[in-house]
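Asker: Dropping the structure in here first, questions after.
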Amino acid sequence: MSSPTTAPDRIEELLSAVKNSFIAGSLVRLKLGGYSGAEPDLKGVEVKKITVKDGDKFSFTYRYKTRDIIKNFIQPEALALLRTGLREEFSSAQLATTGFDMTLERNGLKIRLKRIDVEGRQAPSTDHNRAKNRPLNGSDKPWLKALGIAGKDGAVRADGQDKYRQINKMVEIFAPLIQVLQAEQPLIIDMGAGKGYLDFALYDYLASIKRQVGIVGVEMREQLVADGNANAQASGFDGLSFQTGTILDFDASGADAVIALHACDTATDDAIFKGISAGASLIAVAPCCHKQIRRQMEAGQPAPKLMPMLRHGVFLERQAEMVTDTLRALLLELNGYRTKVFEFVSDAHTPKNNLIVAEKDGRVGRDREIVLGQIAELKTLFGIEQHYLEGLLGL
Ligand SMILES: C[S@@+](CC[C@H](N)C(=O)[O-])C[C@H]1O[C@@H](n2cnc3c(N)ncnc32)[C@H](O)[C@@H]1O
């Protein structure tokens, strides 16, 4: 069926199909496209039904160029938004239900609505909290609520979805690294722990698979430490605690693993240094800004043939990041660690998405001259006097 019309009742016809399929549980999805509204990077909106503790909702995923934003609405709100959107901002809509598809196209006041029957299609599950094979089994946990990721009803909040995905991803990456540690009850130190997202997630997951660990988050901001300890206690996480202080002042002896996520600039080096000094089996850091080396590259004399590249601030920044982390990896190798560097989350979440993972493999001293030579050559090439971590290591 195809019927051009100038009447807005075609929009109402579509909205009524959306509403009925929502109520009947036959809604598969609704997609809105052809956006011409005021938001610069909005590409489209996808709508589905979800079931949370306080009932059925319409879940809108706003797809922007570099990110998605999810917002949930009750039925009247959702239909009002769709009505305005279809009249003023979106020129196309595709509704999929278990029994039929509807396509709406609007060109000015002309509206065309098509309906095609379909067979054998099932409605997706609307259970918002389904496990999705994520390591954190469910979201109704005191610590997720205290960190603002889950709401009072135990469902992940619309604005907590990204963080929830991220911490699950972190657990997927860190848990296997912890699993292979030899110690019966490994001690993990998280340097610059902030609110302790990773620590809570990791502790929760490891406890759920009966792997006993001790985790200590080191953080210089007192309030975060107090909140973290209260949250750990309320969650019954006896082996998780937070301590106020600086990374360099913390006594990390006995640590099996030292980790640091986005500890600012040289705080990452402090964490690496503490890990090496403690002889930790695992050191894993996700560096943040790379100011120390960038400043030296700007002040020093990089090889002239690099200048056409380094005169562009954006490339200087990227080079500073690569050089800083390459030197860190080499300095770890020099101290007996096998290192690898990889992206651990999508750069849509954070541009600071490199993770340096160093595992002690007992080859201290091997290839020492070669590695020292590589460090010296890189420094000369980029006009670097000294990497901060070299100073800590007494080189
Ligand atoms: C960007 S936040 C990251 C927090 C946490 N690791 C995360 O990924 O969510 C960095 C944290 O490190 C802390 N920090 C930075 N330098 C530190 C130092 N030298 N000693 C202790 N804490 C430090 C800051 O107070 C801040 O809370």
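Asker: With +1 on each Lys and Arg Cβ and -1 on each Asp and Glu Cβ, and nothing else charged, work out how big the dipole of the chain is about its Cα centre, in Debye to the nearest 20. Walk me through the intermediate numbers first.
Answerer: On the way: 51 positive and 50 negative charges, 290 e Å.
Dipole size: approximately 1400 debye.
Asker: Taking springs between alpha-carbon atoms closer than 10 angstrom, which of R63, R328, R121 fluctuates most in the Gaussian network model of the chain?
Answerer: R121
Asker: State, to one decimal in nm², a quarter of the convex hull surface area for the C-alpha atoms of the stretch 151-242, i.e. the direction-averaged projected area.
Answerer: Numbers: hull surface 24.9 nm².
Over every viewing direction, the Cα hull of the stretch 151-242 projects on average to 6.2 nm².
Asker: Here's another thing I want to ask about it. Of R311, R368, which has the most accessible area and how do the rest follow, probe 1.4 Å?
Answerer: On the way: R311 170, R368 95 Å².
The ordering from most to least exposed comes out as R311, R368.
Asker: If you line up the long axis of helix 161-179 against the longest principal axis of the chain, both from Cα atoms, how many degrees apart are they, to the nearest 10?
Answerer: Between the helix axis and the principal axis of the chain, the angle is about 40 degrees.
Asker: Do any of K43/K152; K19/K48; K19/K49; K71/K152; K49/K71 go past 20 Å between their Cα atoms, and which? Walk me through the intermediate numbers first.
Answerer: Numbers: K43/K152 32 Å; K19/K48 11 Å; K19/K49 11 Å; K71/K152 17 Å; K49/K71 12 Å.
In this structure, K43/K152 lie more than 20 Å apart at Cα.
Asker: D for the stretch 202-280, whole µm²/s, Stokes-Einstein with Kirkwood Rh over alpha-carbon pairs at 10 °C and 1.306 mPa s: what number?
Answerer: This corresponds to a translational diffusion coefficient of 119 µm²/s.
Asker: Given only helices, namely DSSP H runs of n ≥ 4 each adding -39500 (n - 2.57), what is the per-residue ellipticity at 222 nm of the chain, to the nearest 500 deg cm²/dmol? Could the numbers behind the result be given before it?
Answerer: On the way: 12 runs with 142 residues, N = 395.
Dividing the helical sum by the residues of the chain leaves -11000 deg cm²/dmol.
Asker: Sticking with this structure for a sec: Work out the charge dipole of the chain with +1 on the Cβ of Lys and Arg and -1 on the Cβ of Asp and Glu about the Cα centre, then indicate which of P302, T324, A175 is farthest towards its positive end.
Answerer: The residue sitting most towards the positive pole is A175.
Asker: Work out the length of the dipole vector of the stretch 2-117 about its Cα centre, built from +1 on the beta-carbon of each Lys and Arg and -1 on the beta-carbon of each Asp and Glu, and round it to the nearest 20 debye.
Answerer: Working: 20 positive and 15 negative charges, 41 e Å.
Taking the Cα centre of the stretch 2-117 as origin, the dipole is about 200 debye.
Asker: To continue, here is another question. Give, as a single signed number, the net charge of other residues whose beta carbon lies under 12 Å from the beta carbon of L248, with Lys and Arg counted +1 and Asp and Glu -1.
Answerer: That sum, taken over residues with Cβ under 12 Å, equals -3.
Asker: Within 11 Å, Cβ to Cβ, of K71, how many net charges do the neighbouring residues add up to if Lys/Arg are +1 and Asp/Glu are -1? Let's see the in-between values first.
Answerer: On the way: positive: K57, R157; negative: D68, E77, D159.
Counting the neighbours of K71, the net charge comes to -1.
Asker: Choose one answer from G37, G275, G383: the residue with the largest mean-square fluctuation in a GNM of the chain with alpha-carbon springs under 10 Å.
Answerer: G37
Asker: For q = 0.13, 0.17, 0.22 Å⁻¹, what log10 I(q)/I(0) does the stretch 2-117 give under the Debye formula with an equal point scatterer on each alpha carbon and no solvent?
Answerer: Values returned for q = 0.13, 0.17, 0.22 Å⁻¹ are -0.47, -0.81, -1.31.
Asker: With springs connecting C-alpha atoms under 10 Å apart, model the chain as a Gaussian network and identify which of D251, D68, D54 has the largest mean-square fluctuation.
Answerer: D54
Asker: Using a cut-off of 20 Å between alpha-carbon atoms, which aspartates and glutamates can reach K195, once sequence neighbours fewer than 8 places away in the same chain are excluded?
Answerer: Within reach: D140, D159, D162, E172, D204, E219, E222, D227, D238, D249, D265, D270.
Asker: Continuing with the same structure: How long is the gain from D68 to N20 if the chain were fully straight, where each residue apart is worth 0.36 nm and the alpha carbon distance is subtracted? Don't skip to the end; give the middle numbers.
Answerer: Numbers: separation 48, 0.36 × 48 = 17.28 nm, distance 2.68 nm.
Here the answer is 14.6 nm.
Asker: Per residue, how much accessible surface does the chain expose to a 1.4 Å probe? Answer in Å², no decimals. Don't skip to the answer; put the middle values down first.
Answerer: Values: 19540 Å² over 395 residues.
Accessible area per residue: 49 Å².
Asker: Also, I was wondering about something else. Could you tell me how many cubic angstrom of Cα convex hull volume the chain has per residue?
Answerer: Details: hull volume 72.4 nm³, N = 395.
That works out to 183 Å³ per residue.
Asker: If you roll a 1.4 Å probe over the chain with all protein chains in place, what percent of the accessible area is carbon or sulfur? Display every interim value, and only then the final one.
Answerer: Numbers: 9620 of 19540 Å².
Answer for the chain is 49 percent, counting heavy atoms of protein chains only.
Asker: Given just the C-alpha atoms of the stretch 190-330, how large is their convex hull per residue in cubic angstrom?
Answerer: 126
The values are calculated or read from the model by the stated rules, or taken from the named source; none is laboratory data. Keep in mind it's a predicted model, so treat the numbers as computed, not measured. Here Cβ is always computed from backbone atoms with ideal geometry, including for glycine, and neighbour counts include all displayed protein chains. For the accessible areas, the whole protein counts, side chains as well, though only heavy atoms, and no ligand, DNA or RNA atoms are used. Shrake-Rupley method; radii C 1.70, N 1.55, O 1.52, S 1.80 Å.
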